[in-house]
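First the structure, in the form of structure tokens, and then the observations on it.
Read the figures in this text as sums done on the coordinates, not as results from a lab. As the structure is a prediction and not an experimental result, all values here were calculated from the model. Every residue, glycine as well, gets a Cβ built from its backbone with ideal geometry; the counts of neighbours run over all protein chains shown.
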């Protein structure tokens, strides 16, 4: 397989391994989900509920309200203007009236406890009503105002109110204090201040905040709560919704809003009729004067010419001229309508033009006949036409005045309330089920993310080739055994797997390691082996004990030494007392070798504990006594195994490695990062010591995929903390 193919395989995502990683971190994922669920529940409970009230309005055509003559239609707009009316409905003119009618510029807010204030005010919790907690609101408490009037400089300023045994006590913005009783007005004439608390349902000690906000702010707040939309395009049906924290208050405010809007609509329609009426009244005197002047001119001419009436011929011509002019006026109106639908070449339009041409020709003919009349009759004809025209205008204005007066008297506007305000018993927010579901999903997703990031950051070696690529030969690969993870560090005694289950695969791996070391240490200067690791939990102590047992079972004389003078605990595998002399006592000169060695229940296996933890372990190991000890053990044993502390934690393994024949590093599959192994090699090289090889411990074939790392969830600190303690 080429290098490119290997990199490609390493970049592929194995879903089964991904699922396995998440499953191994299931408790962390579940914990994150639970924490997020708790926060979501707290958020849902501490968020004030929001209720919504709604109502329906219908915008009607103005002509649909009265059976008016066609002459009145020009005064009215017959199409509903939905977009315009929606803006009018949310205007300051309408909302300002609602604020004034319901005193919505008065704000009463109870004092609420920090963090849990909303929950405490909505639910009956077993919280004692003592001390500073007595000021915070509880379930069912309320305060209503009948009057609040403050000077201009106190607008938007808070007034503190605290319930007392006799009523309440006010703290004004300037620091003055006043006492009052429920139902009685409290005034401060010097400041133009007045207040009247109508009802007060709260025990002694409760605190409230009173504010009179400016009108614009109150209108803006109401506008933010109101939304208007049209049900169906061009339907003229408006749905008005108002959202707020008090269900009954929402209904009250929305009904007041509807009433204010309807009233202004009626007032607007009446204003339009009044405007038309004012125009008619302004034209009537002029039309009457014109009529009187035309009549006077006719009478004067008759008296001067001694002519009383028109002749039959002249009257006939006048009648025909009036009829033709009336027909021409009607044709002109029809042409205005037809021109919007047809072109001039359309038959209907052509017929109308033909009729108009015929009437115009007839009118010219009649006017020609009138011109042939005697001068007296012709003048009387003209004056009579002027009188009739003035009479017709005056009569139409009188008729229009009566119609507009009827319209003004019966104005109801073009808005009708279809459904009055109503609100559901259930809030529209917060949606608790949705909040909890999203919180759980986000929590689980966060947990999965933490597991995957941790797995990626703690990517350990996958197989022996990863270690060999760093320059260390691998003596053996120890298979993972679930029984190896059953030790409880608090137990005084530990089981040895090679004795309790000699057929386990990991034990067989130690037998293979025993053979590899036998041949690998043939050229070593000493028959002593130091075993270390980069971090705690890699399995170096487990490896040291089981390797010592399997080697002893092969007939070799073995000495196992616990050389971790800081936190060594190998004595628990053999039931040795904490105060038994050991390596530290031997190096300090307080005990000889025979006193430090312990004969175990495994034939050919001897054990040397740490002894009492010394305050200077590194200095003891640097003494010549340690080198002499290794030499003395070579004379009596076939193999000496020294269990050392982690190399990245302390320098003790480097000191020990200079005295022993072979040093090997235990790396745990999927846990020990390659970077730690490189750091360990550098530590040995810096001290001119040699790291001879490594052991890959805890190898699990199920997780042995190149390019993937799976965290065991082990928790260790890179700062290897030792404790000076007594058992």
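For region 432-467 and region 634-657, what is the separation of their C-alpha centers, rounded to whole Å?
First find each Cα centre; the distance between them is then 38 Å.
Taking only DSSP H segments of four or more residues, each worth -39500 (n - 2.57), what value at 222 nm results for the chain once the sum is divided by all its residues, to the nearest 500 deg cm²/dmol?
-15000 deg cm²/dmol
Between residue 501 and residue 156, what length in nm is gained on full extension when 0.36 nm per residue of separation is reduced by their alpha carbon distance?
116.0 nm
If the chain between residue 50 and residue 431 were fully stretched, how many nm would it gain, using 0.36 nm times the residue separation less the Cα-Cα distance?
136.2 nm
If I fit a long axis through the Cα atoms of helix 347-371 and take the longest principal axis of the Cα atoms of the chain, what angle between them do I get, 0 to 90°, rounded to 10?
For 347-371 against the chain, the angle is about 30 degrees.
Could you calculate the FRET efficiency of residue 35 with residue 112 from 1/(1 + (r/R0)^6), where r is the beta carbon distance between them and R0 is 25 Å, rounded to 0.05?
According to the calculation, E is roughly 0.50.
What shape does region 472-703 take by its C-alpha gyration tensor, where a ≥ b ≥ c are the square roots of the eigenvalues and a/c under 1.5 counts as rounded, a/b above b/c as prolate, and the rest as oblate?
Verdict is rounded for region 472-703.
Based on the mean of other beta carbon atoms within 10 Å per residue, what is the order of 212-222, 641-651, 125-135, most packed first?
641-651, 212-222, 125-135
Tell me, how many Å apart are the Cα centres for region 588-619 and for region 668-691?
Region 588-619 and region 668-691 have Cα centres spaced 28 Å from each other.
Between residue 91 and residue 297, what's the calculated FRET efficiency when r is the beta-carbon distance and R0 is 56 Å? Round to 0.05.
Once the sixth-power term is evaluated, E becomes 0.55.
To test your reading of the geometry: what angle, between 0 and 90 degrees and rounded to tens, separates the Cα axis of helix 375-409 from the longest principal axis of the chain?
40 degrees
Is any residue of region 655-696 close enough, with backbone N under 16 Å, to a label point placed 7 angstrom from the Cα of residue 627 along the Cα-Cβ axis, and if so, which?
Output list for this probe position: 655-662, 688-690.
Rounded to the nearest 0.05, what FRET efficiency do residue 619 and residue 593 have when you use their Cβ-Cβ distance and R0 = 22 Å?
0.60
Classify region 100-251 as rounded, prolate or oblate from the Cα gyration tensor: take a ≥ b ≥ c as the square roots of its eigenvalues, call it rounded if a/c is under 1.5, otherwise prolate when a/b beats b/c and oblate if not.
Oblate shape, in that a/c is at least 1.5 and b/c is the bigger or equal ratio.
Quote the relative contact order of the chain in percent (integer), defining contacts as alpha-carbon pairs under 8 Å separated by 6+ residues.
Here the relative contact order equals 17 percent.
Considering the values (i) 343; (ii) 188; (iii) 153, which represents volume of the Cα convex hull per residue in Å³ as calculated for the structure under consideration?
Computed from these coordinates, volume of the Cα convex hull per residue in Å³ corresponds to label (i).
Mind pulling the angle between the C-alpha long axis of helix 312-338 and the longest principal axis of the chain? Nearest 10 degrees, somewhere in 0 to 90.
10 degrees
So how do 172-181, 93-102 stack up, highest first, on mean other-Cβ count within 10 Å?
Order by mean packing, descending: 93-102, 172-181.
At 0.36 nm per residue, and after removing the present C-alpha to C-alpha distance, how many nm does the segment from residue 442 to residue 330 gain when stretched out fully?
Roughly 32.8 nm would be gained on extension.
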